[in-house]
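Have a look at the structure below before the remarks.
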Amino acid sequence: MPAIADRSSSPFKAMLAAKSCELAGSGGCCTPQKRRLRSDTVAAAKESPVSTPMKLKSPRRRLDSSPSSPANRIKKDPSEKTLKKCWNPRDVEQMRAVKEAVHVSTAPSTVVCREDEQKRVLDFCKACVQQEKAGSLYACGCPGTGKSLSMELVKQQVIDWAKMEGLQPPEVLAMNCTSLANTSVIFSKILGMHQPKKKSIGSTSPLQHLQNLYSNKQAQSSSKMMLIIADELDYLITRDRAVLHDLFMLTTFPFSRCILIGIANSIDLADRFLPRLQSLNCKPMVVTFRAYSKDQILSILQERLLVLPYIVFHQQALELCARKVAAASGDMRKALSVCRSALEILEAELRESASNTGLTSAEGDFVSPQTALAHEVFPSQENNTVRIDHMALALSKTFRSPIVDTIQSLPQHQQIILCSAVKYFRGGKKDTTVGELNKSYIDICKSALIPPVGILEFSSMCRVLNDQGLFKLGQSRDDKFKRVTLKVDEADISFALQVQIHHYCTDNILSSRVIIVSYRYPFIWNREFVCLGIVFSNTALLVIA
């Protein structure tokens, strides 16, 4: 069989050398050959004083060689892309800026995911100002749903709109009721806005002054409209409910100039504490701020992080935070707190690696033994970002419950039994027998190459899970026919074991086997470990040996 000449062989090199010498000796004056080395052409061009005629290029080549072409622009100015990806968590100023961006007290530049509620409140205020008519509105919703932040935005929008329309802007009185020394002080503050220089004389209370003022027609023409925003309104609830009732009744007087907006967490506060308002046909307009969904929390987090010139959080870490917080409460403040906790975990990890090890990279960055494997699995540009394992640890600290602690402290085979129950009940069944559950348990153990326990020990472990409140066992003479029902939520089992594996992979990677049930982010480790995946429905059971 004829041999093919290798480019690295000596005859081949000699032939190329001879050809290059021949071309160089021509001085560049002769017509260039079709087969010519690029390096030799460049060398000949440098030696030859005679300029060769310029060859016409195709439109595509002219575009590529243009200084303004996209390829050349990327090469000349790569700062835009690298600036958005690289950040140094060891930099004190950068870490401070990130923590400030996700702090609860930091007001975002725009309030997203609350446009409909803001429009309803703004339209209500516009109608009151335009008609010079008093009114009351009650904004309710769970904590951390953007009520106070939306009212601050609407307050400024009403003033700007009134100036644009040529109307007299309303005076604004915004207060947090928890800061009041006494519940009745709120009437003194309202009266002080109407009569800043006058003091009440005699035994007349500020409430009576306001009632007389709003009953007088002459006061209507001499005073401005007043926008009162009372946050934490449920603090005004007293035994006789008089303060809360009198506050809303101020908007019912014939010459009242009040636009009252009350903010509280109780959805049914108006129905429970203000029944007389409904009988008088004076029930306030109710705007409900519902709990944030997963997509809304993710959108708000991304909007806050846009002010930073670098990527700090891994996208999957943000999705995990949004999903867990939305399932638990939908509280945006809780999501921001979890993000700050994840940042602190990353900061502590880097600090620990710097103090415990002397391993440094070429740039002087420290790499800890705990995170060495994670640094090899994750891309290098993501080593300093908040990863999903950091977020899982932060979530476990924030949403830690006795159930999660109990599941994480179980022995390995009892955790496998719980996973077998999750797998079995995914088909829509609510209960099964100990014998059927044992078959599912044996199948998982065989697939994971773990020796299963016998039926007697399996029944004993089911009784232990029953005593801990994780299972409910029925009555039967034979243990195999006892009915088994899962008493905890599948999400609690998934989250407990997911947190355990994330913590395990970063802090104690060389220990014994661990089991994880993960909804969307199973870790696949193929270095020095055996990873077996048993996928059922949208959940994966991973056993790491």
When only residues in segment 239-273 that are within 23 Å of GLY146 (Cβ to Cβ) and assigned to a loop (DSSP other than H, G, I, E, B) count, which is modelled with the highest pLDDT?
ASN265
Counting only helices (runs of 4 or more DSSP H) wholly inside segment 181-238, the ones holding at least 1 residues that are at pLDDT below 85 and open to solvent by less than 50 Å² (accessible area, probe 1.4 Å) are 185-194, 217-222
Consider segment 460-492. How many of its residues are under 14 Å from ILE403 (Cβ atoms) and assigned to a strand (DSSP E or B)?
2
In segment 441-448, is there at least one residue being open to solvent by 50 Å² or more (accessible area, probe 1.4 Å) and outside any helix (DSSP H, G or I)?
no
If we scan segment 185-204, do we find a residue that is polar (S, T, N, Q) and under 41 Å from the mean Cα position of the chain (by Cα)?
no
Complete set of residues in segment 395-428 that are among the hydrophobic types (A, V, I, L, M, F, W, C), buried (at least 20 other Cβ atoms within 10 Å of the Cβ) and farther than 30 Å from ARG340 by Cβ:
LEU410, ILE416, ILE417, LEU418, CYS419, ALA421, VAL422
Could you list, in sequence order, the residues of segment 120-129 that are free of Cβ contacts under 8 Å to residues at least 60 places away in the same chain and surrounded by 13 or more Cβ atoms within 10 Å (Cβ to Cβ)?
LEU122, LYS126
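Let's see how each residue does on (1) in a loop (DSSP other than H, G, I, E, B); (2) at pLDDT below 80:
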residue: GLY330; (1), (2): yes, no
residue: ALA354; (1), (2): no, no
residue: THR371; (1), (2): no, yes
residue: ALA392; (1), (2): no, no
residue: ILE403; (1), (2): no, no
Which residue is nearest to the chain's Cα centre (by Cα), if the candidates are limited to segment 253-267 and must be more than 19 Å from THR183 (Cβ to Cβ) and in contact (Cβ under 8 Å) with a residue 60 or more places away in the chain?
ILE267
Select, from PRO89, PRO108, the only residue that is touching a Lys or Arg at 6+ places or on another chain (Cβ under 7 Å), open to solvent by less than 60 Å² (accessible area, probe 1.4 Å), at pLDDT below 95 and under 30 Å from ASN384 (Cβ atoms).
PRO108
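Rundown of residues vs (1) without any contact (Cβ under 8 Å) to a residue 12 or more places away in the chain; (2) open to solvent by 30 Å² or more (accessible area, probe 1.4 Å); (3) more than 22 Å from ILE345 (Cα to Cα); (4) among the β-branched types (Val, Ile, Thr), yes/no style:
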{"site": "THR251", "(1), (2), (3), (4)": "no, no, yes, yes"}
{"site": "PHE289", "(1), (2), (3), (4)": "no, no, yes, no"}
{"site": "TYR292", "(1), (2), (3), (4)": "no, no, yes, no"}
{"site": "SER299", "(1), (2), (3), (4)": "no, yes, yes, no"}
{"site": "HIS314", "(1), (2), (3), (4)": "no, yes, no, no"}
{"site": "CYS321", "(1), (2), (3), (4)": "no, no, no, no"}
{"site": "ALA327", "(1), (2), (3), (4)": "no, yes, yes, no"}
Condition check: open to solvent by 10 Å² or more (accessible area, probe 1.4 Å), among the basic types (Lys, Arg) and in a helix (DSSP H, G or I). Does LYS133 satisfy that?
no
I'd like to check something: does segment 93-101 contain any residue that is small (Gly, Ala, Ser) and at pLDDT below 90?
no
State all residues of segment 458-471 that are under 14 Å from LEU437 (Cα atoms) and in contact (Cβ under 8 Å) with a residue 40 or more places away in the chain; if no residue qualifies, say none.
PHE458, MET461, CYS462, LEU465, PHE471
Selected residue (criterion: farthest from ALA335 (Cα to Cα)) from residues of segment 149-180 that are surrounded by fewer than 15 Cβ atoms within 10 Å (Cβ to Cβ) and of a type in the set (Ser, Thr, Tyr)
SER179
Among the listed residues ARG276, ARG304, identify the single one that is among the basic types (Lys, Arg), open to solvent by less than 50 Å² (accessible area, probe 1.4 Å) and in a helix (DSSP H, G or I).
ARG304
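The values are calculated or read from the model by the stated rules, or taken from the named source; none is laboratory data. The structure displayed is predicted, hence computed values, not measured ones. Neighbour counts run over all protein chains shown; Cβ positions are idealised from the backbone, glycine included. The area values use the complete protein model at the heavy-atom level, side chains included, leaving out ligands, DNA and RNA. Shrake-Rupley method; radii C 1.70, N 1.55, O 1.52, S 1.80 Å.
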